[in-house]
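Data block below; observations after.
The values are calculated or read from the model by the stated rules, or taken from the named source; none is laboratory data. Computed from a predicted model, the values in this text were never measured in an experiment. Virtual Cβ from ideal backbone geometry, glycine too; neighbours counted across all protein chains shown. The area values use the complete protein model at the heavy-atom level, side chains included, leaving out ligands, DNA and RNA. Shrake-Rupley method; radii C 1.70, N 1.55, O 1.52, S 1.80 Å.
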Amino acid sequence: HSQTIRTRAAHATGDQRINSFGIGGEIEIRSGLLTQKQVITSPLLHFGLGENTQTDVARIVWPTGAVQAEFELKADSSVLAEQRLKGSCPTLFAWDGKQMSFVKDCSPWNPALGLHINAQVVANVEQTEEWFKIPGSAIAPRADSSGSFYDLRITGELWEAFYIDQYSMMAVDHPAGTEVFTDERFTMPQSKPQLYLSKTPKPFASAKDDRGQDVWAIVNKLDQQYLDTFGRGQYQGVTRDHWVELELGEDAPLDKKLYLIGHGWLHPTDATINIAIGQGNSAPPQGLSLEVLDEKGNWVVAKPGLGFLSGKLKTMVIDLDGVFHTDAPRRLRLRTNLEIYWDKLEWAEAAAFSKSPGDQVKVQRLETASADLRYRGFSEITQVNASSPELPDYNRLEGTAQKWRDLAGYYTRYGDVRELLAKTDDRMLIMNAGDELRLKFKALTSPPAGWTRDFVMIGDGWTKDGDYNCTYAATVLPLPFHGIKDYNQASTRLEDNPAYKRSPLDWQVYHTRYITPDYFIKALR
């Protein structure tokens with residue numbers, strides 16, 4: 001008996017992370033006691049099975065390094081590449097009073113270490129501190145023998161390693177009729193994280209897409225129904241030039257500072273795609289820009305280089321102060337060629353942080369009660385439709401076995417890691433895929449009547465994608481550190497690394513868990 005396997009990309013457009021037939025990847029099969037492995041060199045791969053009548057499992061490693069397993073294949077089977085993200089950032093869950101629920105991607109979200117932004121250039125390492133808002137409705141206190149606490153879980157679901165220098169959380173109590181936001185965008189250069197206080201946001205008077213369709217009903221509610229009228233381009237994350245046109249109504253004051261508040265998610269490119277785009281004639285990725293009408297009725301760029309949302313379920317804040325031309329209609333466009341899916345677009349009048357005791361916003365840093373690292377495995381991932389993000393379900397495990405070809409090196413041992421996360425000092429927690437960090441923060445008493453409490457997660461660190469086309473993607477080394485700019489020229493020897501020199505004992509006390517991809521490589525044997 002024999003098995004012929006056909007490998008091919010699932011879509012001709014809208015992905016392009018691999019070539020049409022997966023040439024350059026590899027397939028390993030197991031049939032009874034027989035195992036075989038072949039490099040994909042043609043659209044058809046032939047495996048002799050002897051007396052076995054089927055392939056029990058075939059594991060395909062695509063040219064990017066992404067992995068896919070198919071079970072109980074019959075003769076002459078076709079295998080399509082799964083279109084799934086393989087690297088992104090840590091995943092944040094919180095106890096909402098009933099269960100652990102997904103909140104959003106969290107720090108470190110900055111571009112992965114060694115990420116190619118085109119065929120020649122590797123992204124510089126920029127600012128590492130990030131703030132992400134956790135709505136008060138998404139987190140509730142729970143209790144055990146130690147008292148009342150907020151329970152947060154941070155997991156590594158995808159093919160990457162995390163270097164986390166610091167995690168903390170603050171509570172923000174604000175008066176009725178106000179909202180607090182953080183700007184969850186990536187921009188170059190990056191702006192310093194801060195809180196934005198506004199009055200209650202309001203909807204725009206109208207919203208149209210770049211083809212003139214009325215999309216107001218889509219972007220008027222925060223309901224995970226996303227604006228998706230721009231189609232797909234040749235590559236994942238990049239599509240045609242498109243925009244959404246918004247108009248302020250008469251209820252928007254003329255003499256006050258206004259914010260544009262945008263909620264949505266980004267379908268990102270990756271190192272492989274960026275290299276592919278850089279080798280051809282395709283339009284490069286273009287972040288958001290803000291356009292307005294001038295006095296002659298022409299669209300002009302008021303704010304270029306606004307970057308893009310930092311992952312899934314994120315919010316951006318754009319200051320509209322001074323962008324509109326005198327006597328011109330107060331209409332604006334958010335323009336890009338990236339796959340940015342808007343859930344809700346609204347405007348808000350900026351509010352000042354009052355110094356009066358009765359209406360002053362109260363910001364409190366929360367005490368970290370515990371920080372415990374353990375192994376968990378991988379959550380089941382679901383996606384409602386092509387316009388929606390892939391979301392993990394904490395309460396349903398896909399599996400606990402090694403899923404990825406892990407980066408080789410020393411990771412932090414399991415157990416108490418609170419000391420490593422206490423402050424930004426290059427003493428970092430090194431997490432692997434499948435790991436989980438459990439954080440407990442001491443709960444606060446309820447805010448005053450009529451006030452609202454939201455939370456802000458603060459993180460500082462780096463992430464490294466396992467994509468074969470990232471620099472040093474196969475190993476934990478070289479370690480990042482504050483002050484590093486060019487990851488291409490980082491030291492590969494542990495003893496020469498500034499982070500190691502600062503705290504060498506950490507590699508005797510904390511970073512003692514050595515991981516290799518050997519188990520992954522030999523799994524079918």
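By the scheme Lys and Arg +1, Asp and Glu -1, what is the net charge of all other residues having a beta-carbon under 11 Å from that of residue 177? Walk me through the intermediate numbers first.
Working: positive: 199; negative: 179, 349, 359.
Summing Lys/Arg as +1 and Asp/Glu as -1 gives -2.
Classify the stretch 115-167 as rounded, prolate or oblate, taking a ≥ b ≥ c as the square roots of the eigenvalues of its Cα gyration tensor: rounded when a/c is under 1.5, otherwise prolate if a/b is larger than b/c and oblate if not.
prolate
With just the Cα atoms defining each centre, how far is the stretch 313-368 from the stretch 252-288? Give it in Å.
17 Å
Going by accessible area, probe 1.4 Å, with all protein chains left in place, what is the ranking of 482, 511, largest first? Provide the component values of the computation, followed by the final result.
Details: 482 70, 511 0 Å².
Result of the area sort, largest leading: 482, 511.
Could you state the number of Å between the C-alpha centres of the stretch 380-438 and the stretch 140-165?
So the separation of the two Cα centres works out to 10 Å.
With all protein chains present and a 1.4 Å probe, how do 342, 507 order by accessible area, largest first? Walk me through the intermediate numbers first.
Values: 342 10, 507 40 Å².
Sorted by accessible area, descending: 507, 342.
Ignoring ligands, DNA and RNA, what accessible area per residue does the chain give at 1.4 Å, in Å²?
Details: 22860 Å² over 525 residues.
On a per-residue basis, 44 Å².
Using Cα positions and a limit of under 27 Å, work out the lysines in reach of residue 501, with same-chain residues fewer than 8 apart set aside.
List returned: 423, 464, 485.
Taking square-rooted eigenvalues a ≥ b ≥ c of the alpha carbon gyration tensor, is the chain rounded, prolate or oblate, where a/c under 1.5 means rounded and, failing that, a/b exceeding b/c means prolate?
Details: a/c = 1.88, a/b = 1.32, b/c = 1.42.
Judged from the Cα gyration tensor, the chain comes out oblate (a/c at least 1.5, b/c at or above a/b).
Mind listing the long-range amide H neighbours of residue 238? Cut-off is under 5 Å, sequence gap 5 or more, other chains count too, H placed in the peptide plane at 1.01 Å from N.
Those qualifying (amide H under 5 Å, at least 5 residues apart or on another chain) are 233, 339.
Amide H neighbours of residue 204 under 5 Å, counting only residues 5+ apart in sequence or on other chains, H built in-plane at 1.01 Å?
Excluding prolines and chain starts, which carry no amide H, the hits are 347.
Each residue of the stretch 123-139 in turn: what ³J(HN,Hα) in whole Hz from Karplus with 6.51, -1.76, 1.60 and θ = phi - 60°, glycine and Pro shown as x?
Calculated HN-Hα couplings, in order: 4, 6, 8, 10, 4, 10, 8, 9, 10, 10, 6, 10, x, x, 6, 8, 9 Hz.
Around residue 427, what is the net charge, scoring Lys/Arg as +1 and Asp/Glu as -1 over all other residues with Cβ under 13 Å from its Cβ?
Values: positive: 418, 423, 501, 502; negative: 165, 419, 425, 426, 460, 506.
Neighbourhood net charge equals -2.
Once you list every other residue whose beta carbon is under 15 Å from the beta carbon of residue 452, what net charge do they have if Lys and Arg are +1 and Asp and Glu are -1?
On the way: positive: 133, 199, 362, 453; negative: 173, 179, 359, 454.
Around residue 452, the surrounding residues sum to 0.
Mind ranking 404, 451 by accessible surface for me, highest first, 1.4 Å probe?
Working: 404 15, 451 60 Å².
My answer, sorted largest first, is 451, 404.
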